[in-house]
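Here's the structure, in C-alpha cells; my notes come after.
The values are calculated or read from the model by the stated rules, or taken from the named source; none is laboratory data. Being a predicted model, the structure only gives us computed values, none of them experimental. Glycine gets a Cβ as well: all are built from the backbone with ideal geometry, and neighbour counts include every protein chain shown.
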C-alpha cells in the first residue's frame, strides 16, 4: 500500500524568501514521486518527478526536490519565492505493480506575501 | 492545441439528473484516468483505463460509469446525481502504466466543475 503525507496544510512565506514544502511517503515498492502545482481554478501541472535516477531533481520555475530514502521524504524547495508561486501543491507517489494508483497527498497551500 | 481536454468546463444541474463529462487526449497515451477533487482540494482516483480496458476501479458508486470508445477518449457518465457529487472532476492521461519509464507522467485536463442543486 502507498500513502503520502504533506505535513503542512498551509505555508506562508514572504516574496524573495525560501520555500520548503514537506512530503513524506510510504510505499511497498521502490516508488516514483512527483510534485504537481494547481493554481486557483486551474488544472494540475507537473513541477518535477523522481523515477530512480538522480536523487536531487530539478523542475520548472526554479523548484527542486530531493529524494531521501532513509527519511522516506521528498521535500520541495525553492530558493526565492515569487508572487506567482502562490498555489496548491500536491505530492504524489506511485509504486510498481500493474494497475498501481497514483496516490495524491492532501495538498499544501502556499501563500506568498509581498 | 490542448493535450487533454474536457467538456463541459462547468456543469450545473438538478439532483436526480443524468449527466456526462467528456475527455479527450491527443498525446497518443495508452492510459486515461478520472479523479474527483472535493471542496478541500483532496484528489482521489476514480477510474483508470489502459487501452480501453478498465484497470482501476476505486470504491465509487455504480451511478458512475466510465466509457472508453477508443484509447483517446474516456467519458464519465453519472446517473441520478446527488448533492455529494458536487466537485471538480479531472481527467488525466499517461503513456505507461505497467512499467517504470520516464513517460509515466500524468497530464491533466483543466477540470469540470460540477454543481448539483
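Screening residue A:65 with (1) within 14 Å of chain B (Cβ to nearest Cβ); (2) touching a residue at least 12 places away in the same chain (Cβ under 8 Å); (3) in a strand (DSSP E or B) gives one miss only, at (1). When each of B:56, B:45 is tested for being closer than 22 Å to residue A:105 by Cβ, under 10 Å from the mean Cα position of the chain (by Cα) and in a strand (DSSP E or B), the lone residue that passes is B:45.
Scanning the range A:22-29 for residues that are in a strand (DSSP E or B), over 27 Å from residue B:59 (Cβ atoms) and either in contact with a strand residue (DSSP E or B) (Cβ under 6 Å, 6 or more places away or on another chain) or in contact (Cβ under 8 Å) with a residue 24 or more places away in the chain (or both) turns up nothing.
The single condition among (1) facing another protein chain (nearest Cβ under 9 Å); (2) more than 23 Å from residue A:41 (Cβ to Cβ); (3) surrounded by fewer than 20 Cβ atoms within 10 Å (Cβ to Cβ) that residue B:17 does not satisfy is (1).
Would you mind stating whether residue B:62 is at the interface with chain A (Cβ under 10 Å from one of its Cβ atoms) and over 19 Å from residue B:10 (Cα atoms)? So residue B:62 does not fit the description; no. Filtering the range B:43-64 to residues that are over 17 Å from residue B:106 (Cα atoms), modelled with pLDDT of 90 or more and surrounded by 14 or more Cβ atoms within 10 Å (Cβ to Cβ) leaves only B:64.
Scanning the range A:46-61 for residues that are in a strand (DSSP E or B) and closer than 17 Å to residue A:112 by Cβ yields a single hit, A:47.
Examine the range A:80-103 for a residue that is farther than 24 Å from residue B:89 by Cα, under 11 Å from the mean Cα position of the chain (by Cα) and in a strand (DSSP E or B), and state whether such a residue exists. Among the residues of the range A:80-103, not one is farther than 24 Å from residue B:89 by Cα, under 11 Å from the mean Cα position of the chain (by Cα) and in a strand (DSSP E or B), which makes the answer no.
Could you check, for the range A:23-32, whether at least one of its residues is away from every other protein chain (no Cβ under 14 Å), modelled with pLDDT of 95 or more and over 29 Å from residue B:89 (Cβ atoms)? Checked against the condition, which is being away from every other protein chain (no Cβ under 14 Å), modelled with pLDDT of 95 or more and over 29 Å from residue B:89 (Cβ atoms), the range A:23-32 yields no hits at all.
In the range B:76-96, what residues are assigned to a loop (DSSP other than H, G, I, E, B) and at negative phi? Break it down stepwise before answering.
Filtering the range B:76-96 for residues assigned to a loop (DSSP other than H, G, I, E, B) gives B:79-82, B:86, B:95-96.
Those that are assigned to a loop (DSSP other than H, G, I, E, B) and at negative phi: B:79, B:81, B:82, B:86, B:95, B:96.
Take residue A:96 and decide whether it is facing another protein chain (nearest Cβ under 10 Å), touching a strand residue (DSSP E or B) at 6+ places or on another chain (Cβ under 9 Å), modelled with pLDDT under 90 and within 29 Å of residue B:56 (Cα to Cα).
Values: facing another protein chain (nearest Cβ under 10 Å): yes; touching a strand residue (DSSP E or B) at 6+ places or on another chain (Cβ under 9 Å): yes; modelled with pLDDT under 90: yes; within 29 Å of residue B:56 (Cα to Cα): yes.
So residue A:96 fits the description; yes.
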